[in-house]
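Single-structure report; data block below.
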């Protein structure tokens with residue numbers, strides 16, 4: 001009677017927390033800047049627009065998830081496999097970016113360890129373990145995270161007690177290049193896509209009334225995401241200056257003080273969870289691509305072990321700067337495509353072997 | 001013939017000195033009375049069995065009717081079964097090759113007293129004893145309804161220990177009852193000397209650092225748990241009742257919580273949670289902040305800290321590790337020592353080790369203070385001391401190696417592990433995760449009794465409703 005870990009089947013609450021984590025937590029970071037009037041009017045519109053698009057993506061993906069996720073969409077099988085592979089690659093890509101950020105030089109400096117690889121591998125391992133437990137495992141850990149976050153918020157109010165600094169609580173991953181527009185934002189959008197691979201079809205029978213709306217929104221959201229992603233693909237590399245330590249309205253990590261610890265703790269908690277969601281989605285996408293509808297451990301292991309390498313390729317040796325973005329991206333895509341081909345050939349080989357045995 | 005019977009019985013028991021094989025007249029025939037000395041009520045044997053049988057006349061088939069005992073005289077099939085009966089404390093009567101047994105057990109048992117592990121200011125003071133029949137009767141006194149079902153099994157090839165599975169019919173999930181029963185019947189072990197044996201043998205997630213079964217010494221608490229849908233297991237010779245399924249939050253709850261005003265209970269539960277978090281994370285957080293993120297300390301405190309730790313020759317992580325290890329050694333020694341030596345040991349630990357180590361500059365006073373706070377916090381939830389005591393070291397090592405990053409990552413793994421545990425169809429971390437919000441009124445919070453309209457959703461039960469309002 002032990003519980004097996006399921007990739008699919010989340011309760012409505014667990015799905016809601018996933019949406020919250022994947023969208024709101026990471027995009028609400030702009031609020032302090034707006035309230036503190038640190039960004040201009042143009043940026044306000046940019047932020048508002050990006051928030052609307054990103055929230056729409058997450059909600060749409062959530063509805064698709066309530067219909068059973070990608071695996072149940074009424075699409076021709078080859079199309080479904082190609083779409084799954086593409087989204088899986090993007091999820092992997094995003095996971096690599098997050099891990100790079102988590103282990104980057106600025107973060108390392110912040111924690112006075114500076115060891116990019118150790119930090120990267122640490123985040124990758126934790127995210128991998130979470131992903132191996134499936135969407136439900138991540139969602140349930142997210143619940144603990146949210147409860148801890150609530151306690152942290154209360155503690156912050158008690159102990160920080162400095163006007164304005166409370167906003168730091170929401171300053172998660174605030175892009176330093178905020179005023180640089182939609183381009184830099186684009187690359188960090190679309191985290192809600194991971195919900196496409198979650199099965200929420202048993203959450204509520206009422207959801208079935210929204211079938212057509214869900215499909216339409218899902219399609220629009222995915223299209224929007226791809227458009228924005230590819231539009232921002234090249235220039236974004238120049239603008240990304242996303243390392244956490246530079247997001248806290250501080251010139252240098254050494255300026256950090258006692259008031260910043262709640263943000264740091266929340267950010268540290270959020271990153272492995274979001275990476276785990278991406279890993280989980282990437283693994284599920286790979287499974288659909290190779291025609292397997294249920295949890296395959298190899299897919300999780302393959303994706304988890306890949307993101308460390310990707311993260312390393314995004315940055316230079318010291319983890320201080322992003323490497324040539326186009327070069328890295330092409331390399332990443334090539335590796336993943338090769339991985340998918342390898343996986344498919346492996347499965348086909350296994351099937352032919354099974355036939356021989358039979 | 002007489003010598004043969006004696007010899008056979010004596011050989012069966014390895015010539016044990018307490019085996020009594022006495023010749024006796026049974027319905028005017030030559031027979032034998034066999035029992036273990038000290039395990040039976042001699043007066044009952046004399047007055048209720050031997051006297052009527054020695055005076056009676058009739059066929060052997062009338063033997064059971066001739067005995068004056070509340071326990072029936074039963075026929076036993078063969079010698080081997082008769083040996084088994086004697087071993088379990090029954091009296092066996094033998095005439096030629098025919099055997100009968102009667103239960104005249106007289107077991108020494110202690111009185112029903114307040115258990116030392118869970119004394120209360122308000123609430124019942126009764127605790128379970130070592131005799132299973134007495135323990136069952138303590139449950140029956142609280143549930144005076146035929147829905148209380150008690151099934152008895154025997155476990156242990158050598159010890160032949162009686163085990164009782166108790167549940168409230170219609171409230172406990174049949175799946176859980178069947179699963180507990182199946183696992184108990186499947187136990188293949190030579191002996192069971194305590195209920196924890198059964199607990200370890202039938203629990204889920206055997207490799208888990210958390211115990212996957214509840215153990216309680218008070219019948220009122222066990223009754224309350226059974227009324228929520230849990231199954232209780234009583235084991236002869238053990239005052240600890242086991243309950244299945246078991247949830248993490250149970251460790252933060254106390255029997256007395258339900259006998260006092262809810263607001264006070266909420267306050268105390270919050271204190272317990274804070275204390276446990278402090279016990280678990282404070283040593284690691286202290287090391288992470290001191291070693292890597294000193295800028296997070298307020299300036300005044302940082303100056304004090306630097307002054308206190310300047311002369312300590314160890315790194316912060318190693319220092320805390322040594323302090324915690326010393327505490328564990330002292331704790332273990334004080335538990336094992338006789339009481340009067342234990343007192344001396346406390347003095348040695350507190351004064352000689354603590355004071356001297358600090359004044360000699362080997363340890364810093366903040367580290368000793370952190371350890372003391374952590375130790376006190378841990379003891380607010382005695383159930384989880386074993387598991388959380390270990391995790392404290394894991395977090396410490398992670399924080400010493402990677403600072404706050406290590407602490408957070410190790411905590412994430414710990415949280416992921418905890419929420420993935422499931423025992424007997426219930427999620428271990430419920431109702432926190434998965435979030436059964438309806439159960440939160442009796443998780444870390446505590447609502448009014450009349451608000452507990454339904455049984456917890458965290459526990460499988462076929463009958464969710466526990467209060468029927470008249471207006472419904």
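Structure above, values below:
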{"read-out": "Cα centroid of the range B:110-133 to Cα centroid of the range B:287-357, whole Å", "value": "37"}
{"read-out": "Average partner coverage of B:264-276, which counts Cβ from other chains inside 10 Å", "value": "0"}
{"read-out": "Shielding score for A:11-17, defined as the mean number of other chain Cβ atoms within 10 Å", "value": "2"}
{"read-out": "Pairwise label distance in nanometres, residue B:160 with residue B:16, each label 7 Å out on the Cα-Cβ vector", "value": "0.9"}
{"read-out": "Ranked by how many other beta carbons lie within 10 Å on average, peptides B:273-279, B:23-29 from highest", "value": "B:273-279, B:23-29"}
{"read-out": "Estimated FRET transfer efficiency when R0 is 41 angstrom, pair residue B:346-residue B:260 (beta carbons, to 0.05)", "value": "0.85"}
{"read-out": "Calculated FRET value between residue B:130 and residue B:390, using beta carbons and R₀ = 35 Å, to 0.05", "value": "0.70"}
{"read-out": "Peptides A:127-137, B:352-362 ordered by average Cβ neighbours within 10 Å, highest first", "value": "A:127-137, B:352-362"}
{"read-out": "Using alpha-carbon coordinates, inclination of helix B:2-12 to the longest axis of chain B, degrees", "value": "10"}
{"read-out": "Spin-label model distance (nm) - residue B:359 vs residue A:79, 7 Å beyond Cα toward Cβ", "value": "8.4"}
{"read-out": "Estimated 222 nm signal from helices in chain B, with DSSP H stretches of n ≥ 4 weighted -39500 (n - 2.57), rounded to 500", "value": "-13000 deg cm²/dmol"}
{"read-out": "Helix B:365-378 vs. chain B, principal-axis angle (Cα, 0 to 90°, nearest 10)", "value": "40"}
{"read-out": "Per-residue average of Cβ from other chains inside 10 Å of B:37-46", "value": "0"}
{"read-out": "Most to least packed among B:417-428, B:445-456 [average Cβ atoms within 10 Å]", "value": "B:417-428, B:445-456"}
{"read-out": "Theoretical FRET efficiency, 1/(1+(r/R0)^6), r = Cβ-Cβ of residue B:300 and residue B:457, R0 41 Å, to 0.05", "value": "0.25"}
{"read-out": "Linear extension gain, residue B:445 paired with residue B:55, 0.36 nm per residue minus alpha-carbon span", "value": "133.5 nm"}
{"read-out": "Alpha carbon centroid spacing (whole Å) that separates the range B:427-448 from the range B:202-253", "value": "18"}
{"read-out": "Crossing angle, helix B:299-309 versus chain B [Cα axis fit, 0-90 degrees, rounded to tens]", "value": "70"}
{"read-out": "Separation of the residue A:52 and residue B:71 label points, Cα + 7 Å toward Cβ, nm", "value": "8.5"}
{"read-out": "Gain in span if fully extended, residue B:193 to residue B:145, counting 0.36 nm per residue against the direct Cα distance", "value": "14.2 nm"}
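Rule-based calculations on the coordinates, nothing more; no lab input. Small disclaimer: the values here were computed from a predicted structure and weren't measured. Methodologically, a virtual Cβ is constructed for each residue, glycine included, from the backbone with ideal geometry; neighbour enumeration extends over all protein chains shown.
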